[in-house]
1. Of all residues in the stretch 92-101, count the ones that are surrounded by fewer than 24 Cβ atoms within 10 Å (Cβ to Cβ) and in contact (Cβ under 8 Å) with a residue 40 or more places away in the chain.
2. If you scan the stretch 103-124, which residues turn out to be outside any helix (DSSP H, G or I), surrounded by fewer than 24 Cβ atoms within 10 Å (Cβ to Cβ) and either out of contact with any strand residue (DSSP E or B) (no Cβ under 7 Å at 6 or more places or on another chain) or touching a residue at least 60 places away in the same chain (Cβ under 8 Å) (or both)?
3. Go through the stretch 69-85 and give me each residue that's closer than 20 Å to residue 22 by Cα and out of contact with any helix residue (DSSP H, G or I) (no Cβ under 6 Å at 6 or more places or on another chain).
4. Looking at the stretch 196-212, I want the residues that are touching a residue at least 40 places away in the same chain (Cβ under 8 Å) and on the phi > 0 side of the Ramachandran plot and have a partner that is part of a strand (DSSP E or B) and buried (at least 17 other Cβ atoms within 10 Å of the Cβ) with Cβ atoms under 7 Å, at least 6 apart or on another chain. Which pairs are those?
5. For residue 40, only one of the following conditions fails: (1) in contact (Cβ under 8 Å) with a residue 40 or more places away in the chain; (2) outside any loop (DSSP other than H, G, I, E, B). What is its number?
6. Check off (1) surrounded by 22 or more Cβ atoms within 10 Å (Cβ to Cβ); (2) part of a helix (DSSP H, G or I) for residue 168 and give me the number that stays unchecked.
7. Given (1) in contact with a helix residue (DSSP H, G or I) (Cβ under 9 Å, 6 or more places away or on another chain); (2) within 18 Å of residue 114 (Cβ to Cβ), identify the lone condition not met by residue 33.
8. Looking at the stretch 190-213 only, could you name the residues that are surrounded by 13 or more Cβ atoms within 10 Å (Cβ to Cβ) and at pLDDT below 95?
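The values are calculated or read from the model by the stated rules, or taken from the named source; none is laboratory data. Since the model is a prediction, treat every value here as computed from it, not as a measurement. All Cβ positions, glycine included, derive from the backbone under ideal geometry; neighbour counts span all protein chains shown.
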């Protein structure tokens, strides 16, 4: 798979980026070029986002790496342009990252990025979270700009093993979202629900993350044993192989949208 064309005008990394990304700064700069070029050109990322890639997107995602256990299997739910999944795959080589995304053009972009950046610990799976539930069981699930907390909690619960970790990158209204989601979180058996912040003094505003431990909903029987993330079923392998084969194999595929990034 050939590397997507990268425009000449790519936002320069701020001084703080070298400290955050460390030895992965070169990969981060290449990824910034892919976001500023093909992602914007294809409508995967809004044109207004190109000028603020580092502070709003790349640094924002990188600062969450400290919340991810390593080693582990991680699903980036509704990966979109690969934020935060691709960033975390760069920074956490001991973490196996599954980029879960239902939209064909985004899947194609993600596949190109994984190949161009040489991310051997990342794979792309075309599927809706609802359809992948019970087929995958990751150690952790992370999501950014996907859905309100009351809905996201249920989507993530279908993809993470009992006792695994769910991380949701949220904005200033995180605490209110958690309060609204309390009935659903209780139904799902979620434990240790916390609103955390990272990057104070490095990015403004600091990154807000909702974190909880997944449990089995009370009163429900255990789900059938799911395959570990990374051990895909035949249908999932077809979806991961590319949008053309996926369309032939999955005529009833779901359609979904998420916010850019």
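1. Taking the stretch 92-101 and keeping what is surrounded by fewer than 24 Cβ atoms within 10 Å (Cβ to Cβ), we get 92-96.
Now drop any that are not in contact (Cβ under 8 Å) with a residue 40 or more places away in the chain, which leaves 96.
Qualifying residue count for the region: 1.
2. Restricting attention to the stretch 103-124, the residues satisfying the condition of being outside any helix (DSSP H, G or I) are 103, 118-124.
Adding the requirement that they be surrounded by fewer than 24 Cβ atoms within 10 Å (Cβ to Cβ) leaves 103, 118-121, 123.
Within the stretch 103-124, 103, 118, 119, 120, 123 qualify.
3. Our first condition is that a residue be closer than 20 Å to residue 22 by Cα; within the stretch 69-85, this holds for 69-71, 82-85.
Across the stretch 69-85, the qualifying residues are 69, 70, 71, 85.
4. 199/207
5. Of (1) in contact (Cβ under 8 Å) with a residue 40 or more places away in the chain; (2) outside any loop (DSSP other than H, G, I, E, B), only one is false for residue 40: (1).
6. With respect to (1) surrounded by 22 or more Cβ atoms within 10 Å (Cβ to Cβ); (2) part of a helix (DSSP H, G or I), residue 168 is out only on (2).
7. Here residue 33 clears every test but (1).
8. Of the residues in the stretch 190-213, the ones surrounded by 13 or more Cβ atoms within 10 Å (Cβ to Cβ) are 190, 193, 195-196, 198-199, 202-203, 206-213.
Passing the criteria: 198, 199, 202, 203, 206.
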